[in-house]
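Derivation of every value follows stated rules applied to the coordinates shown; laboratory data play no part. Keep in mind it's a predicted model, so treat the numbers as computed, not measured. Cβ atoms come from the backbone with ideal geometry, glycine included; neighbour counts cover every protein chain shown.
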Amino acid sequence: MGLLDGKKGLIFGIANDRSIALHVAKSFTAEGAVCGYAYMPGDKNLHRVKKALEAENLSDSGLMACDVCSDESLDATFAAARERFDSIDFLVHSVAYAERAHLKIGKFVDTPRDAFAQALDISAYSLLAMANRAKEMMPHGGSIMAMTYYGSQKVIPGYNVMGVAKAALEAITRYLAVELGPRGIRVNTISAGPLRTLSAMAVGGIEEMMEICTNKTPLGRNIEPGEVGKTAVYLASDLSSGVTGENIFVDAGYNIVGV
Ligand SMILES: NC(=O)c1ccc[n+]([C@@H]2O[C@H](COP(=O)([O-])OP(=O)(O)OC[C@H]3O[C@@H](n4cnc5c(N)ncnc54)[C@H](O)[C@@H]3O)[C@@H](O)[C@H]2O)c1
């Protein structure tokens, strides 16, 4: 018996074998879920996603290319998902982007308007856009979750505009939780500790940040990506049936420590 037996849904954000979304997909599949995957369009991206899924023995049938900046692309992806699944039980948002040039320590104040708008559009608004489409495919309720980071609440040097985008993402989660609650749809975020992924490597000072985190956490270590996957299983499963609008830290306790 798996915790997600009989559940099906969509996971956005696998780029390669390090992606948090891939670890969520692994955990979900191990618990009996059937997953559809949406990835950033492009032949190279498709190749990397297929390779990552294959390495984990995950099915790549029904892969959907989706640029979350585009309403047309989102419409097409959800139409394809409806074709395949009819209804869904979960949606995982594991998508973020900001230009590397604006993720440098001491350069937040220089962030130009277009880079700000792009980061907020891809990393925050996209959750709202996805939830609006997903709600029509969740007639019996469901679970929506998004990945966030502590830089939404405290200043993490170099995280810059992404911290602002994550603050928006967390606020969007609460507003969605209230509006979608009557439909039985729960909306939560997971705030993961730092992991060496493609996106994380764009953040200035990431290596130093990881070292500090590792030394400072109550558990005396950083997290494993699979630990995010396990919490995602909890949020997608009926074990969390009374939980919505929450931000759950999976950071080995880093956020509770002052000095
Ligand atoms: N790695 C970390 O340390 C860490 C910590 C906390 C939260 N997070 C969050 O986890 C999520 C996943 O990031 P990750 O670390 O696995 O890195 P990742 O680079 O593997 O994943 C980011 C994904 O966003 C996708 N993406 C970017 N722009 C897109 C667009 N326009 N349309 C569609 N997809 C687009 C990329 O293709 C990629 O799949 C992000 O929200 C990130 O902020 C990461």
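Summary table below
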{"quantity": "Pair-distance profile P(r), taking every C-alpha pair of the chain, with 10 angstrom steps and integer %", "calculated": "7, 32, 39, 19, 3, 0"}
{"quantity": "³J(HN,Hα) computed for each position of segment 141-156 - Karplus, 6.51 cos²θ - 1.76 cosθ + 1.60, integer Hz, glycine/proline x", "calculated": "x, x, 10, 10, 9, 9, 9, 10, 8, 4, x, 6, 10, 10, 6, 10"}
{"quantity": "Long-range HN-HN contacts of Thr148 with modeled amide H, under 5 Å", "calculated": "Ile190, Ser191, Ala192"}
{"quantity": "Size descriptor, Kirkwood hydrodynamic radius, that averages inverse alpha-carbon separations across segment 65-149, Å", "calculated": "14.3"}
{"quantity": "Long-range HN-HN contacts of Gly36 with modeled amide H, under 5 Å", "calculated": "Gly9, Leu10, Ile11"}
{"quantity": "Average projection area in nm² (convex hull over Cα atoms of segment 20-97, one quarter of hull surface)", "calculated": "5.2"}
{"quantity": "Segment 6-14 - phi-based ³J(HN,Hα) in whole Hz, Karplus 6.51/-1.76/1.60, Gly and Pro as x", "calculated": "x, 9, 9, x, 10, 10, 9, x, 7"}
{"quantity": "Relative packing of 41-54, 191-204, which averages over residues the other C-beta atoms within 10 Å, highest first", "calculated": "191-204, 41-54"}
